[in-house]
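This report refers to the structure that appears directly beneath it.
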Amino acid sequence: MNEHASISEVVGIHDRLHPGSMRRVLRDGFIRIMVFLGLLPLMILGFIGIYNHFEEEPWTPLGPYPQQQIIDSRPIRLSQGTVSSVGTKCSEPNTPLEGVTRWISISPGGATVEVGRGSTVRNGPRAAGTQIIRDEATGRPCEVRSFENEIPDEVDQKTREWISDEIRVVWSITGVETPVDGSRKGVPITWTTEPFEVVVG
């Protein structure tokens with residue numbers, strides 16, 4: 001040791017080398033880590049709360065849409081040209097939306113034929129023959145009406161091909177409706193008819 005070292009330097013070296021000092025340093029560090037880990041869940045919950053506060057709630061004005069019932073006698077014959085169904089669609093009043101309609105093959109599976117896209121206002125001005133009821137679960141008004149679904153040429157062609165191969169043909173008509181109000185888009189909802197067999201005749 002330097003004979004000219006000051007007393008404070010000697011004491012500092014002693015403190016750094018003394019086992020008790022090391023234990024205090026380790027203990028203090030351990031306490032700090034434990035306090036941080038204890039506060040971490042509260043910090044995470046706080047960030048989640050702030051995020052949820054500023055995140056916009058999803059817009060869900062549509063639904064429920066129960067499965068539509070086919071009101072024609074079955075099986076459906078291609079010569080009819082249309083398939084009649086009755087459906088119930090519940091929503092908040094005057095909800096603007098965009099929709100797409102498709103025929104989906106159930107047997108054999110895998111075929112999809114899009115038949116139309118468009119826009120309308122759900123629970124707005126009533127179409128002729130529309131009945132209004134109220135959904136018990138949501139309290140929303142519901143439009144109940146019948147639909148005449150024209151059999152598309154592509155559906156007619158596929159049906160004839162499958163039947164010629166002795167395949168039983170079953171279709172369903174389905175659609176997706178999305179609430180749209182300017183730049184605001186809501187949660188889409190799907191509607192579907194019950195499956196129905198189609199035959200040539």
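The values are calculated or read from the model by the stated rules, or taken from the named source; none is laboratory data. All figures in this text were calculated on a predicted structure; none of them were measured in a lab. Ideal geometry is used to build each Cβ from the backbone, glycine not excepted, and the neighbour counts take in all protein chains shown.
Is there a residue in the range 90-103 that is at pLDDT 95 or above and of a type in the set (Lys, Arg)?
Checking the range 90-103: at least one residue is at pLDDT 95 or above and of a type in the set (Lys, Arg).
So Val113 passes all but one of these: (1) within 30 Å of Ala137 (Cα to Cα); (2) crowded, with 17+ Cβ neighbours inside 10 Å; (3) of a type in the set (A, V, I, L, M, F, W, C); (4) more than 17 Å from the chain's Cα centre (by Cα). Which condition number does it fail?
Only one criterion in (1) within 30 Å of Ala137 (Cα to Cα); (2) crowded, with 17+ Cβ neighbours inside 10 Å; (3) of a type in the set (A, V, I, L, M, F, W, C); (4) more than 17 Å from the chain's Cα centre (by Cα) is unmet by Val113, namely (1).
Listed residues Ala127, Ala137; which is exposed (fewer than 14 other Cβ atoms within 10 Å of the Cβ), in a loop (DSSP other than H, G, I, E, B) and over 21 Å from the mean Cα position of the chain (by Cα)?
Numbers: Ala137 fails: over 21 Å from the mean Cα position of the chain (by Cα).
On inspection, the qualifying residue turns out to be Ala127.
Of the conditions (1) under 27 Å from Glu197 (Cβ atoms); (2) crowded, with 17+ Cβ neighbours inside 10 Å, Arg122 satisfies every one except a single condition; which number is it?
(1)
Checking the structure you have, find out if any residue of the range 120-130 is under 14 Å from Ser91 (Cβ atoms), in contact with a Leu (Cβ under 8 Å, 6 or more places away or on another chain) and either at pLDDT 95 or above or of a type outside the set (A, V, I, L, M) (or both).
yes
Working only within the range 85-95, note down all residues that are assigned to a strand (DSSP E or B) and crowded, with 17+ Cβ neighbours inside 10 Å.
Matches in the range 85-95: Ser85, Gly87, Thr88, Lys89, Cys90, Ser91, Thr95.
Gly12 versus (1) within 21 Å of the chain's Cα centre (by Cα); (2) modelled with pLDDT under 70: which is the lone unmet condition?
Here Gly12 meets the rest and fails (1).
Anything in the range 142-172 that is buried (at least 16 other Cβ atoms within 10 Å of the Cβ), assigned to a helix (DSSP H, G or I) and among the basic types (Lys, Arg)? List them, or say none.
Lys158
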